[in-house]
């Protein structure tokens, strides 16, 4: 299960950390009541990784946030192109 986000003019080529935090807050507010919303630290690291890629001018495409990804920290997410390997994190909601 993943949440696919399509970057907008606001998030594409954005270099402002405050804009990234504000846009993450909107995503969280819209999705946090879903039973598939868990492992929030990893979801935010993936979001930040995709935002960083956009800021660096990479064509990231759609942003897929997957709660099964282990929270390895932003550096490991970036090194692995926002998709670190490892044991999946299971959904505690079933």
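The values are calculated or read from the model by the stated rules, or taken from the named source; none is laboratory data. Values in this document were obtained by computation on a predicted structure and should not be read as measured data. Neighbour counts run over all protein chains shown; Cβ positions are idealised from the backbone, glycine included.
Some observations on this one:
Here is a yes/no grid of residues against (1) in a helix (DSSP H, G or I); (2) within 23 Å of residue 90 (Cβ to Cβ); (3) within 12 Å of the chain's Cα centre (by Cα); (4) touching a residue at least 24 places away in the same chain (Cβ under 8 Å):
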residue: 21; (1), (2), (3), (4): yes, no, yes, no
residue: 24; (1), (2), (3), (4): yes, no, yes, yes
residue: 30; (1), (2), (3), (4): yes, no, no, no
residue: 35; (1), (2), (3), (4): no, yes, no, yes
residue: 43; (1), (2), (3), (4): yes, yes, yes, yes
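- Residue within the range 74-81 that is part of a loop (DSSP other than H, G, I, E, B), within 25 Å of residue 93 (Cα to Cα) and out of contact with any strand residue (DSSP E or B) (no Cβ under 9 Å at 6 or more places or on another chain) present: no
- Tally of residues being within 21 Å of residue 18 (Cα to Cα) and either buried (at least 19 other Cβ atoms within 10 Å of the Cβ) or touching a residue at least 24 places away in the same chain (Cβ under 8 Å) (or both) across the range 74-94: 4
- Candidates are the residues of the range 45-73 that are out of contact with any helix residue (DSSP H, G or I) (no Cβ under 8 Å at 6 or more places or on another chain) and part of a loop (DSSP other than H, G, I, E, B); the one that is surrounded by the most Cβ atoms within 10 Å (Cβ to Cβ) is 68.
Table: residues versus (1) at pLDDT 90 or above; (2) over 20 Å from residue 85 (Cβ atoms).
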| position | (1), (2) |
| --- | --- |
| 5 | yes, yes |
| 27 | yes, yes |
| 30 | yes, yes |
| 37 | yes, yes |
| 41 | yes, no |
| 48 | yes, no |
| 55 | no, yes |
| 62 | yes, yes |
| 68 | yes, no |
